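See below for the structure under consideration.
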């Protein structure tokens, strides 16, 4: 069941390639616009308004961004709870993607918050805590980001274990031993926390109540969001594993991804059936005949088509179909989140929102930074599966 | 493969149930009631002449800057189009053919305010005595979740500032120094210049203030005295959104005046039923229970794996 | 209507000035109305004048430009200036006196003694106080001494013009002479102030004639300004107010708005913060002869906090705002969709998805590739 060559190694190679510098440039532009935002206020770079106080930064960078970061969660469930050890090589890069997804979501939050300097009060001022669903999300995301750092630390510690300094080597080894011993407790936390806050992200959009469209206003929204993020986690892991293998000329794990895709397909189908069932059983099918209905059908349709592609064994063992299906699954799950946070929310017919150019530049910058950091870390630290060493180095 | 699917579906079902334990029964929270000395306002649209003295008085009492509105090419001194970061109270005009009515818009001071339900650190909080929904910027992170929550679109955000705040009517609580006492006309009032500025300046007494009970009684008295004058013969805010402390009487449909049909449930009912059902009803049982289950399963799997492959050390 | 013909002195007075009784009555009643007194008062004035009972006025000049006196003289339709001078007994006035030197000083002294406790002391100009007030000396005495002496036995003290009211232009920074207004130099005494640069002459006329007729001073505000003239700000009675309310502002001197007489608020008009009645009673008895009427913003010449302290073309806060005559709709359109942004988002999103879709082909190959050649990838 477990992979035999379970050895991680840095990819190595030149960091400052042309694509990498393009990513840095995009990230740099985003950073400049963000600095402008901090000096001149949110209104100076965005189309956020009193009607639509949340826009692409929340709906995409935070809500979808954290779901992108659910690769570690999804794969972790498979490997450690359902005991599918064969997916093990996918774990570490997925955890890295998760840490990046959540870390940059936190940065997006700081950019979006109007009074970000008070953010430290949220975990400290326990006596002022309300029962707001958002409080739960905030505390959980912060805790989960720390857990991800702990879960990824072996990559750093393994690199330090091969360091020249003996002091660092000893420190690294004791760190690795400690993590090994506390592994189960940290892991369980790393599986509990996303369950909690991803579901609360769904609960959050129940609060607008009458201003939410009936097709998205259901008490099952928390469950929909949790399973949705698992599907997106699988899709992201597929895309990340495949493109990494190609980009870094590594061995592809086509067979592993094929079974992963199979799991993802059934989960996606199950989600879609459940989604439509809830709408049908609460008598809301009538709403499908509208613009909102189209959005609903799109978010379900993308998942169904993507899952269908993966149901045939021959197709799902081909990387081209794995990737295409993963793109569809990603778009479908992302669309559900955007629909919940932006489309289904109706503040009044006189309000309209579409992100402004600087607003988009910040989002692009955050995504570019995420990819760039991923590439840099994968090249420098033992993240991806590497070949068995000729001699064991210590 | 079949094994995968079965195990997968089983665990998904387990996980789903664990994650939403309590969501299905969706325990309804006890309905909140207004505090006994809750202060409120009664606005009678049939009496309002649209002079906007209340808009000016509110700006002066709250030290608000002027807001030259987007009225095309003109450069009016202070002409807000809507409540915003510089305007806590506004008069709007509804006109449809021969029918017309003014409407005064400001915070409704709900009995179960959605904005306070949204706020993480209670920056927006309902006063226990007067029921005024107050804002304290010290605990505000500027997340604007309150703007999403309010069904009346009341809290406004200073998007143009580098150090923004939420801006909304707070019933001039900063002017209150002495206790309120019964006035000659039967309403509980503060001394002059301590009550809401809009009510004190209104030349027609179209908007008045007092305790919610007094105002509700007055509104019902008017409905009884003038049958057919008021829309649906009811007071908006008596039960709407779980009840509000600012009450409305009008001769045109409330919806046309921007007072939405929100039903008689507090807006946050569903969200809180789900959230409290999962986390707070059996305090944290669901998360703690799930954690225990996850840890146990993970532990058992690693032990089995170590034994099964004969490796001494399970990998991390 | 009484006949004045029987009073020879008065008839001669009028004949000399080319006036008949009808003119005289009209002018008297106009003057009375101008200062808010009933027409019958005008009749009493003429009566008293005929009997030779005229209140004594001692007019002191200190640090001034004589503009206030000139402004008073410009109230002349033929003969009014002289009539004013005949309705009151102007016993000391350095500008208008034919006499000079010792004769003038003697006239002052005798007038003070003859009318002690009853004369009206009008002060024009600021009083320097630095270095014992040596910066203004008349006849060997400092202004400070002179004022204290004359004010001591006056029945009423009126400070005419901004200089006498609070220091005016001599008190502008750095105020090298320590110039002050009469009220600051005479603490404890009631000093009616009629600020303005120059003061509106009808305000003085009304105050003096009220005192002369009834022996009382008009109601005063907390700066001792007569309320009938200084109770409201220019903005509240300005003829250009409809332009302010409708948002029609002059943006630049000479522009179309300026030529059409639009509101001068944005050019720095201090009208909203300046208490005065210039908009109701113009100068020189010519309609429109006041600053805003000629197209220049009010400079706030009555207010100590504004004149010589605020830049002339800086805008001032509106003290008692009124809402405009426009109403927002129940739902005002807010927010817009920029075509550029939509295009950008569409292009980037579509490109990524499409590129991924096409790139999938390149990824194809099927079998696992175990080789790890030299890295040339991203």
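Just a few scattered comments:
Results for (1) away from chain A (no Cβ under 14 Å); (2) assigned to a helix (DSSP H, G or I); (3) buried (at least 18 other Cβ atoms within 10 Å of the Cβ), shown as yes or no for each residue.
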residue: B:68; (1), (2), (3): yes, no, no
residue: B:76; (1), (2), (3): yes, no, yes
residue: B:93; (1), (2), (3): yes, no, no
residue: B:102; (1), (2), (3): yes, no, yes
residue: B:107; (1), (2), (3): no, no, yes
residue: B:116; (1), (2), (3): no, yes, yes
residue: B:129; (1), (2), (3): yes, no, no
residue: B:141; (1), (2), (3): no, no, yes
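- Identity of the residue in the range B:160-180, touching a strand residue (DSSP E or B) at 6+ places or on another chain (Cβ under 8 Å) and not in a strand (DSSP E or B), that ends up farthest from the other protein chains (Cβ to nearest Cβ): B:180
- Counted residues, the range B:181-196 - those being surrounded by fewer than 20 Cβ atoms within 10 Å (Cβ to Cβ) and not in a loop (DSSP other than H, G, I, E, B): 3
- In the set A:339, A:346, only one residue is more than 8 Å from chain C (Cβ to nearest Cβ) and surrounded by fewer than 20 Cβ atoms within 10 Å (Cβ to Cβ); that residue is A:346.
- Test: residue C:206 is buried (at least 19 other Cβ atoms within 10 Å of the Cβ), in contact with a strand residue (DSSP E or B) (Cβ under 9 Å, 6 or more places away or on another chain) and within 23 Å of residue C:72 (Cβ to Cβ): yes
- Of the numbered criteria (1) surrounded by fewer than 24 Cβ atoms within 10 Å (Cβ to Cβ); (2) more than 7 Å from chain A (Cβ to nearest Cβ); (3) at pLDDT 95 or above; (4) more than 21 Å from residue B:195 (Cβ to Cβ), the one residue B:124 fails is (1).
- Test: residue in the range A:160-169 that is in a helix (DSSP H, G or I) and either modelled with pLDDT of 90 or more or not assigned by TED's automatic domain parsing to the domain that holds residue A:325 (or both): no
- Residues being over 20 Å from residue B:31 (Cα atoms) and either facing chain A (nearest Cβ under 7 Å) or in contact (Cβ under 8 Å) with a residue 24 or more places away in the chain (or both) - total across the range B:264-298: 11
- Residue A:289 vs. criteria surrounded by 21 or more Cβ atoms within 10 Å (Cβ to Cβ) and either more than 14 Å from chain C (Cβ to nearest Cβ) or on the phi > 0 side of the Ramachandran plot (or both): no
- Subset of the range C:198-217 that is part of a loop (DSSP other than H, G, I, E, B) and more than 19 Å from residue C:124 (Cβ to Cβ) - its residue that is nearest to the other protein chains (Cβ to nearest Cβ): C:216
- Residue in the range B:223-235 that is surrounded by 17 or more Cβ atoms within 10 Å (Cβ to Cβ) and under 28 Å from residue A:130 (Cβ atoms) present: no
- Against the criterion of being surrounded by 19 or more Cβ atoms within 10 Å (Cβ to Cβ) and in contact with a helix residue (DSSP H, G or I) (Cβ under 8 Å, 6 or more places away or on another chain), residue A:276 does not qualify.
- Qualifying positions in the range A:127-147 - part of a helix (DSSP H, G or I) and at the interface with another protein chain (Cβ under 10 Å from one of its Cβ atoms): A:127, A:128, A:133, A:134, A:135, A:136, A:137, A:138, A:139, A:140
- The condition of being surrounded by 16 or more Cβ atoms within 10 Å (Cβ to Cβ) and at pLDDT below 65 holds for only one of C:52, C:79, C:42, that being C:79.
- Test: residue A:308 is free of Cβ contacts under 8 Å to residues at least 60 places away in the same chain, more than 10 Å from chain C (Cβ to nearest Cβ) and not in a loop (DSSP other than H, G, I, E, B): yes
- Among the candidates A:39, A:110, the residue that is facing chain B (nearest Cβ under 7 Å) and not in a loop (DSSP other than H, G, I, E, B) is uniquely A:39.
Residue by residue, here is whether (1) in a helix (DSSP H, G or I); (2) within 12 Å of the chain's Cα centre (by Cα); (3) in contact (Cβ under 8 Å) with a residue 60 or more places away in the chain holds:
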residue	(1), (2), (3)
C:229	yes, yes, no
C:247	no, no, yes
C:254	no, no, no
C:278	no, yes, yes
C:297	no, yes, no
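- Options C:318, C:330; residue that is within 14 Å of chain B (Cβ to nearest Cβ) and modelled with pLDDT of 85 or more: C:330
- Residue in the range B:146-158 that is within 30 Å of residue C:316 (Cα to Cα), within 13 Å of chain A (Cβ to nearest Cβ) and not in a strand (DSSP E or B) present: yes
The values are calculated or read from the model by the stated rules, or taken from the named source; none is laboratory data. Being a predicted model, the structure only gives us computed values, none of them experimental. When we count neighbours, we look across all protein chains shown, and the Cβ atoms used for this are built from the backbone with ideal geometry, even at glycine.
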